[in-house]
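Working notes, beginning with the structure itself.
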Amino acid sequence: MFEQKCGTGILTASMLSLVLSFAAHAEVSLAQANAIQRALLTLDTHLDTPANLVKPGFDIMQRHSYDEDFTQVDVPRMNEGLLDGGFWAIFSPQGPLTPDGYEKSRDTAILRALAIHTMVTAHPDTFGFATEAAQAAPIKAAGKHVVFMSIENAYPLGTDLSLLTTFYKLGVRLAGPVHFKNNQLGDSSTDPEGAKWGGLSPLGEQFVAEANRLGIVLDGSHAGDATVKDMIRLSKTPIMLSHSGSKAVYAHPRNVDDDLLKALAASGGVIQMNAYSAYLKQLPENPQRKEAFKELMAMMDKAENGDMSAKEFEQMQAKRRQIEHDFPAVKATFDDYMEHFLHTLKVVGPLHVGIGADWDGGGGVEGMMDVASLPKITQRLLEAGYTKEDLANIWGLNALRVLKQAEDYAKSLSNHTTAQ
Ligand SMILES: [Zn+2]
């Protein structure tokens, strides 16, 4: 029998033919994917991790596990998954559209921005805060993780758009007007009551102009289709969908159809692929889990706002672990995620697609439950025939291009307010 020495083992003829057939199908090993990804600037444009910074017992420098505390991003896992950084979100759950509601949310949002700054200043050798596209590569070159700041849901601005300047000065460079529900700025894609404004509200239109003036990229994720169209039409610079998916693959309101994708790309914008299971495919109903979670929701909101004692927090986590044990979630798979990814790439090409998987905000699929698994995306894209240059654009350069365009536009205006 034919045998050939190969490394430390013996390669038989059948094994050799297996290897050759893999090569014919452009199989890429994870080690090869890692080697390529390591050289790229890798950014995720929607990290909900800042919400964890204010929760008891969470240490961004320590390795956590999803099974234990449901977190998905920390420095050890970023290092393993070769994630350089991204846009760290100030997320605000929406309350009532009243002065009291706005005020409370504004204060929480400002404190969240400070928590992000504290993370960076407490670990100056690990993180670098960035407010300009050109700062990202030097931060990576210095061996640090990149921290841009974003706003998910501009509800905390209330009706006072001058607050956008305050957030700009705090470092915000990407901002989305809405979340799950319509608000003072425009229509959400998922408000059970349907559209209220038919797109952006008059205040929302001013919000777009103000973001342009400052040099903040507009984020159309969570916005209704008409709102996204308004944003594309009114914005002087390309917009971003920081964590969204393909409606052609799964017709969920949080996803965008091919025509809107093409309009986004034609205007120079980018879509960053979301890994939120319930938006990737129809999942089976799980009424017992839903019921069990209802009880937990109030506690989770309290934790989200950062006002929970360590003891209460541990009780909540124990309860959640019990629910996960009794009524485990059915998740979409990594293949489902890549179906959205590859379809979107086919429609708009690699200059308009990136990654925003909604880590620590509900993202995660079977086979990729935290950032440690990110090189699997690189592996799959290489196998699909995308080049290293495509990968560089997808992993970070597209998002930075859009940010740079926002910066350049703001600088071109004489009334630009510069950050201190
Ligand atoms: Zn979101």
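The values are calculated or read from the model by the stated rules, or taken from the named source; none is laboratory data. Fair warning: this is a prediction, and the values are worked out from it, not measured in the lab. For neighbour counting, all protein chains shown are included, and Cβ atoms are generated from backbone atoms with ideal geometry for every residue, glycine included. Only protein heavy atoms, including side chains, enter the accessible area calculation; ligands, DNA and RNA are left aside. Shrake-Rupley method; radii C 1.70, N 1.55, O 1.52, S 1.80 Å.
Below are the figures for this structure:
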| item | result |
| --- | --- |
| All helices (runs of 4 or more DSSP H) inside the stretch 353-414 with 2 or more residues being more than 16 Å from the ligand (Cβ to nearest atom) and touching a His at 6+ places or on another chain (Cβ under 8 Å) | 398-412 |
| Residue that is nearest to Arg213 (Cα to Cα) [pool: residues in the stretch 393-415 that are open to solvent by less than 30 Å² (accessible area, probe 1.4 Å) and of a type in the set (Gly, Ala, Ser)] | Ala410 |
| Those residues of the stretch 135-180 which are of a type in the set (Gly, Ala, Ser) and open to solvent by 10 Å² or more (accessible area, probe 1.4 Å), in sequence order | Ala137, Ala141, Ala142, Gly143, Ser162 |
| Filtered residue count, the stretch 111-131, keeping only those that are in contact with a strand residue (DSSP E or B) (Cβ under 8 Å, 6 or more places away or on another chain) and either open to solvent by 40 Å² or more (accessible area, probe 1.4 Å) or not assigned by TED's automatic domain parsing to the domain that holds Val402 (or both) | 2 |
| In the stretch 122-179, residue farthest from the ligand (Cβ to nearest atom) [restricted to those that are among the hydroxyl-bearing types (Ser, Thr, Tyr) and within 18 Å of the chain's Cα centre (by Cα)] | Thr131 |
| Looking only at the stretch 265-294, and only at residues there that are over 20 Å from Asp360 (Cα atoms) and exposed (fewer than 12 other Cβ atoms within 10 Å of the Cβ), the one that is modelled with the highest pLDDT | Gln282 |
| Condition broken by Gly362, with the remaining ones in (1) crowded, with 17+ Cβ neighbours inside 10 Å; (2) within 15 Å of the chain's Cα centre (by Cα) satisfied | (1) |
| Residue that is most open to solvent (accessible area, probe 1.4 Å), among those in the stretch 206-222 that are among the hydrophobic types (A, V, I, L, M, F, W, C) and more than 15 Å from the chain's Cα centre (by Cα) | Ala209 |
| Test: residue in the stretch 181-190 that is open to solvent by 30 Å² or more (accessible area, probe 1.4 Å), of a type outside the set (Phe, Trp, Tyr) and more than 16 Å from the ligand (Cβ to nearest atom) | no |
| Residues of the stretch 299-310 satisfying the condition of being without any contact (Cβ under 8 Å) to a residue 60 or more places away in the chain and either in contact with a Pro (Cβ under 6 Å, 6 or more places away or on another chain) or within 17 Å of Phe70 (Cα to Cα) (or both) | Met299, Met300, Lys302 |
